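Each remark here refers to the structure printed beneath this line.
The values are calculated or read from the model by the stated rules, or taken from the named source; none is laboratory data. Source: prediction; values computed, not measured. Positions of Cβ are backbone-derived with ideal geometry, glycine not excepted, and every protein chain shown enters the neighbour counts.
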Amino acid sequence: MKRPFIIDCDTGTDDTIAILAALGCEEMEIVGITSVNGNVAEKHTSQNNLDLMEYLGRDIPVAHGAWLPLSGSRDSNTDPKIHGKTGLGNTELPHAVKLQFDPRIAATFIYEEAKKRKGEMELLVTGPMTNIAIALAEHDDLKQYIKHIYFMGGSTVGGNVNSTAEFNIWADPEALHAELMSGIPTTMVGLNVSNRAVMTDIQEQRIRSYGSREGILAADLLLYMIARTKFGDYAARMHDPLALAAAIYPECMEYESYYGDAECTGTYTRGHTAIDIFRKSQNDPNVTVATEINVPLFSEWLCERIRIAGEKGEELRK
Ligand code: RIB
Ligand code: CA
């Protein structure tokens, strides 16, 4: 039985690589892709998702999602240098002409599709948690229909927007707070492991050699990310694909269960993920946190997923 997933994403460069890899995961039934404001405005993240599905010849529903975080802040996009003006680096996909957006907004799509699967639905969230928080606020019974949420976000040490906050959570901390308080089984893949999930020109050349649309697109995005890494080590961080691995290939990492929450106030700490790694809280653990990563295992797995996605895609597009 395939595991039904909805991918909620702010498609972006690494989100796209996660989607490409997901298309190569035989274990997954991708029920739909919901878009959220994050790396770039929702009008771009949703269009990227639709264009990507048409370009790959995949008829997977794509839904619009939240334009703004719960706080209403209009200052929650990343610097255009990171993902490019429209979110796909310097890649321009052909504008979708055949596929249309699903008529439902993300929160409704998530609720209705999860309800149909009677508690088997899992979510992969690779952008701000806004859509999930809206769905939880609108549907009191949603949590009983969600089996597990895997998200890329936060960190047990440091940040990337500033010294304490990672972008996805910084962009909408109230949303993560709502999700962590919901009681839905949740796995967090933070910068403490995803900053180590690197791919270099070696993997870029390997993935490009597959020759499929999936491989060439992933390689182009990798090239863009490698050239822009601020770490100066010419390696692209596979933040979002690592959250996919937590769901599909968990053995490439180690995990601990902790109590955690999102810091929503604090002049300097808003967006911080307060993970109780010293177990001082009286609260029961509410999140499984990735703590260690086997990088070669992950990297090999990711390359293989993209190869398989390309083989399936080329077959479909014949
Ligand atoms: O901090 C990394 C996260 O922020 C990734 O999901 C990336 O796509 C951006 O959304
Ligand atoms: Ca993302």
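Which ones in the stretch 233-248 are more than 16 Å from ligand 1 (Cβ to nearest atom) and within 13 Å of Ala18 (Cα to Cα)?
If we filter the stretch 233-248 for residues that are more than 16 Å from ligand 1 (Cβ to nearest atom), which is where we start, we get 233-234, 248.
Listed by number, the list holds a single entry, Ile248.
Among helices (runs of 4 or more DSSP H) entirely within the stretch 119-184, having at least 1 residues that are surrounded by fewer than 24 Cβ atoms within 10 Å (Cβ to Cβ) singles out 130-138, 173-180.
The residue pairs whose first member lies in the stretch 282-310 and is more than 17 Å from Asp201 (Cα to Cα), whose second member is of a type in the set (S, T, N, Q), and whose beta carbons are closer than 6 Å, counting only pairs six or more residues apart or on different chains, are Pro285/Ser257; Val287/Thr186; Thr288/Thr187; Thr288/Ser257; Gly310/Ser212. For the stretch 225-269, residues that are part of a helix (DSSP H, G or I), of a type in the set (A, V, I, L, M, F, W, C) and within 16 Å of ligand 2 (Cβ to nearest atom) total 7.
Residue under question is Lys85, and the condition is that it be part of a loop (DSSP other than H, G, I, E, B) and within 30 Å of Phe231 (Cβ to Cβ); does it hold? Outline the logic, then answer.
Values: part of a loop (DSSP other than H, G, I, E, B): yes; within 30 Å of Phe231 (Cβ to Cβ): yes.
Criteria met by Lys85.
For Leu68, the criteria (1) farther than 26 Å from Glu29 by Cβ; (2) under 16 Å from the mean Cα position of the chain (by Cα); (3) at pLDDT 95 or above; (4) not aromatic (Phe, Trp, Tyr) hold in every case but one, which is (2).
Out of the residues in the stretch 16-61 that are part of a loop (DSSP other than H, G, I, E, B) and hydrophobic (A, V, I, L, M, F, W, C), which is surrounded by the fewest Cβ atoms within 10 Å (Cβ to Cβ)? Applying the filter and picking the extreme gives Ala41. Looking at the stretch 62-89 only, could you name the residues that are free of Cβ contacts under 8 Å to residues at least 60 places away in the same chain, more than 26 Å from Arg237 (Cα to Cα) and crowded, with 19+ Cβ neighbours inside 10 Å? Within the stretch 62-89, Ala63, His64 meet the criteria.
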